[in-house]
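To start, the structure under review is shown below, and the notes come after it.
The values are calculated or read from the model by the stated rules, or taken from the named source; none is laboratory data. Every value quoted in this text rests on a predicted model; they were computed, and no experiment measured them. Counting neighbours? That spans all protein chains shown, and the Cβs are built from the backbone with ideal geometry, glycine included. These area figures cover heavy atoms from the full protein model, side chains too; ligands, DNA and RNA do not enter into them. Shrake-Rupley method; radii C 1.70, N 1.55, O 1.52, S 1.80 Å.
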Amino acid sequence: MSETPHLELKNVSLRYGEVRALEDVSIRVGRGQVVALIGANGAGKSSVLRAVTGLRKVAAGEVRIDGNQTNSLQHQQPAHALVAQGVAMVPEGRHIFPYMSIKDNLLMGAYSRKDKAGIASDLERVCERFPLLKQRFQQQGSSLSGGEQQMVAIGRALMAKPRLLLLDEPSLGIAPQIIRIIARSLIEINTKEGITIVLVEQNSRMALALSSYAYVLETGHVALEGPSSELMTNEHVKRLYLGA
Amino acid sequence: MLQVLINGALLGAVYALIALGLTMVFSIMRVVNFAHGQMYMLGGFVVYYLYGQYGLPFYLALPAAGIVLGLIGVAFNRFFFQPVLATSTREENSMLMAVGTALLLENLALTLFGEKQRGVPEVVEGIFIWGDVAEGGVVLTYSNMLVMGVAVLAIVALLGFVQYTRPGRALRAVAQDKEAACLQGVDVKTTTTLGFAIGAALAGIAGGLLVTIYGVNAGVGSNISTKAFIMVMIGGAGVTKGAILGGLLLGFAEAIGYDIFPGSVTYLIIFVAMIIFLLFKPNGMFGKPWG
Ligand SMILES: Nc1ncnc2c1ncn2[C@@H]1O[C@H](COP(=O)(O)OP(=O)(O)O)[C@@H](O)[C@H]1O
Ligand SMILES: [Mg+2]
């Protein structure tokens, strides 16, 4: 990987007061790749995404997107500015707007865009991808099941027309058949639309199957990294993360 | 009776405006703005001075009240609430700050404007009479009609703004989920400031409207705040349609009450009814925390 990576974390540390959530974490994500971040609860996976979006300042190191510094001690870009740089995030717990309709939730994803025609055609595409949503277009966010909310959250992120998509535990608390729909759509999003994906998961089996490269986080540092197919046969990974 | 209902509608429209302002600030910041009534009072004084004293036309003095209070809202948010919200981990802190700002405004007003009750000349002269007043006809001054019309217009404009404009969408998003709003590219800080400014401006406009009917004095703030809390509690904190419903209900209750009962009995009954209502519906009519 000699070209500029799409996303790069260099020696990032991140704290919550006294809690050291990340310590010297370095991650590279190439353009068009699907990269997985796996690890136990509290390992620091969400913190990596918070460092990337700028929802939290780093304590050391730097985050670069397309080679541009976005979060470091010297330069801190506000989180809301990232959308315009082609980064969208599906947060842990989905965070859809509870008192907006599905349609309005999806349109919120296009908040930073001005191209009306493009927004309309993307709305159509999201509905084709998740036909279930189209049927409930006017229904309020809070009335949906977890799986439906996750589709809304992913659809909303796609409405931003991202080049880099970050997902935080999209399979958490969701029925297996919906997980399959979501997994399939992620593959499509990546292969057909060329969107780079960073997939954070506790569901390691799913994450390794979908990704080409993966990082294993343990108590705030990268314990292991490698091509996903290799990690799948790694003894440490098998024992701790694949329940074998 | 028709007369009483018309009075209720008039009062209700302006009250709804007051409640909408309070609920706007609450939904955006989760802060109960105890100074809302004092902001109303300042709006009254802006119109009193500009229109009543300096002779500026009312149609300029009233927007000025909105603008002045909007700016005060921006300043309060920037210098008082944001710093407290950013550093405190406990909800009481911002509440105490809100009480502090209310006391500050009230005492400032007492010092600057004195204790006297102030009134302004009629905005439009003339009176509308329908039917025989002795036999249930209706009397309505053109001024009061104007107040009601402007209040309704302001409410419609606000609802349209929140529903159909880009900043309005940002306000709704921030009210429902700050982090998610930020991830969609909404500048949460600016939007919060806008929300506080609109809330304060609504109080100012309501004050500027009612000064033409009731006049104003430096002490009316806490009374108005109390009414605003009642209205918001009826509908549910942070719920737009709840605020409108609460405003109308209180307006009618007050108009009907003052028609039937002597003096302070009306509010005694309203308070008791309120407490009983809250025992059964602690979240208000619309039963959800915000939206
Ligand atoms: N807002 C917070 N305040 C304090 N500690 C936090 C906060 N968020 C996360 N942490 C701590 O930081 C560590 C990493 O958390 P997180 O990145 O959420 O892990 P993961 O997503 O892998 O479960 C954990 O020890 C967690 O308890
Ligand atoms: Mg997490």
(request) Pick out the one residue from A:90, A:83 that is within 16 Å of ligand 1 (Cβ to nearest atom) and among the hydrophobic types (A, V, I, L, M, F, W, C). (result) A:90
(message) Exactly one condition in (1) within 16 Å of ligand 2 (Cβ to nearest atom); (2) touching a residue at least 40 places away in the same chain (Cβ under 8 Å) is false for residue A:173; which is it?
(response) (2)
(message) Under 8 Å between Cβ atoms, which residue pairs at least 6 apart in sequence (or on different chains) link something in the range A:79-101 that is facing chain B (nearest Cβ under 7 Å) with a partner that is open to solvent by 30 Å² or more (accessible area, probe 1.4 Å) and part of a loop (DSSP other than H, G, I, E, B)?
(response) A:79/A:55; A:80/B:187; A:83/A:112; A:84/A:112; A:98/B:291; A:99/B:288; A:99/B:290; A:99/B:291
(request) Give the residue, chosen from A:157, A:153, A:207, that is open to solvent by less than 10 Å² (accessible area, probe 1.4 Å), within 14 Å of another protein chain (Cβ to nearest Cβ), within 16 Å of ligand 2 (Cβ to nearest atom) and within 15 Å of the chain's Cα centre (by Cα). (result) A:153
(message) For the list (1) more than 22 Å from the chain's Cα centre (by Cα); (2) open to solvent by less than 70 Å² (accessible area, probe 1.4 Å); (3) in contact (Cβ under 8 Å) with a residue 40 or more places away in the chain, I need the number of the one condition that residue B:121 fails.
(response) (2)
(request) Could you list, in sequence order, all residues of the range B:120-175 that are more than 30 Å from residue B:28 (Cα to Cα) and of a type in the set (Phe, Trp, Tyr)? (result) B:128, B:130, B:142
(message) Condition first: open to solvent by 70 Å² or more (accessible area, probe 1.4 Å) and more than 23 Å from residue B:120 (Cα to Cα). Now tell me which residues in the range B:52-103 satisfy that.
(response) B:71, B:78, B:79, B:86, B:87, B:89, B:90, B:91, B:92, B:95, B:96, B:103
(request) May I ask you to say which residue of B:124, B:133, B:147 is over 30 Å from residue B:56 (Cβ atoms) and of a type in the set (Val, Ile, Thr)? (result) B:133
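So which residues in the range A:52-76 are within 16 Å of ligand 2 (Cβ to nearest atom) and open to solvent by less than 10 Å² (accessible area, probe 1.4 Å), if there are any at all?
A:52, A:53
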(message) Looking only at the range A:12-31, count every residue that is within 27 Å of residue A:195 (Cβ to Cβ), open to solvent by 30 Å² or more (accessible area, probe 1.4 Å) and in contact with a Ser or Thr (Cβ under 8 Å, 6 or more places away or on another chain) and tell me the total.
(response) 1
(message) Show me the helices (runs of 4 or more DSSP H) found entirely inside the range B:179-284 where at least 2 residues are without any contact (Cβ under 8 Å) to a residue 24 or more places away in the chain and more than 14 Å from every other protein chain (Cβ to nearest Cβ).
(response) B:240-260, B:265-280
(request) Using the structure shown, decide if residue A:8 is more than 16 Å from ligand 2 (Cβ to nearest atom) and either among the β-branched types (Val, Ile, Thr) or closer than 17 Å to residue A:219 by Cβ (or both). (result) no
(request) Could you please find all residues in the range A:35-51 being farther than 14 Å from residue A:24 by Cα and within 13 Å of ligand 2 (Cβ to nearest atom)? (result) A:37, A:38, A:39, A:40, A:41, A:42, A:46, A:49, A:50
(message) I'd like the full set of residues that are more than 14 Å from chain B (Cβ to nearest Cβ), under 18 Å from residue A:164 (Cβ atoms) and touching a Lys or Arg at 6+ places or on another chain (Cβ under 6 Å), limited to the range A:35-56.
(response) A:37
(request) Among the numbered conditions (1) within 9 Å of ligand 1 (Cβ to nearest atom); (2) basic (Lys, Arg); (3) touching an Asp or Glu at 6+ places or on another chain (Cβ under 6 Å), tell me where residue A:15 comes up short. (result) (3)
(message) With among the charged types (D, E, K, R), at positive phi and touching a strand residue (DSSP E or B) at 6+ places or on another chain (Cβ under 8 Å) as the only criterion, which of A:218, A:169 stands out?
(response) A:169
(message) So the check is Cβ under 6 Å with 6+ separation or different chains; which pairs have a first residue in the range A:7-36 that's touching a residue at least 24 places away in the same chain (Cβ under 8 Å) and in a loop (DSSP other than H, G, I, E, B) and a second one that's away from ligand 2 (no atom under 16 Å from the Cβ) and open to solvent by less than 70 Å² (accessible area, probe 1.4 Å)?
(response) A:30/A:5; A:31/A:6; A:31/A:196; A:32/A:194; A:32/A:196; A:33/A:196; A:33/A:212
(request) Quick one: in the range A:225-239, of everything that is modelled with pLDDT under 95 and open to solvent by 40 Å² or more (accessible area, probe 1.4 Å), which residue is nearest to residue A:88 (Cα to Cα)? (result) A:232
(message) On the basis of being away from chain B (no Cβ under 14 Å), in contact (Cβ under 8 Å) with a residue 12 or more places away in the chain and in contact with a strand residue (DSSP E or B) (Cβ under 7 Å, 6 or more places away or on another chain), does residue A:136 make the cut?
(response) no
(message) So the check is Cβ under 8 Å with 6+ separation or different chains; which pairs have a first residue in the range A:106-125 that's free of Cβ contacts under 8 Å to residues at least 60 places away in the same chain and within 18 Å of residue A:87 (Cα to Cα) and a second one that's of a type outside the set (Lys, Arg) and open to solvent by 70 Å² or more (accessible area, probe 1.4 Å)?
(response) A:112/A:84
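Go through the range A:32-47 and report how many residues are within 15 Å of ligand 1 (Cβ to nearest atom) and either on the phi > 0 side of the Ramachandran plot or buried (at least 16 other Cβ atoms within 10 Å of the Cβ) (or both).
Step one: of the range A:32-47, the residues within 15 Å of ligand 1 (Cβ to nearest atom) are A:36-47.
So of that shortlist, the ones also either on the phi > 0 side of the Ramachandran plot or buried (at least 16 other Cβ atoms within 10 Å of the Cβ) (or both) come out as A:36-39, A:42-47.
The qualifying residues number 10.
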(request) Tally the residues that are within 14 Å of chain B (Cβ to nearest Cβ) and either closer than 22 Å to residue A:232 by Cβ or within 16 Å of ligand 2 (Cβ to nearest atom) (or both), restricting the search to the range A:11-34. (result) 1
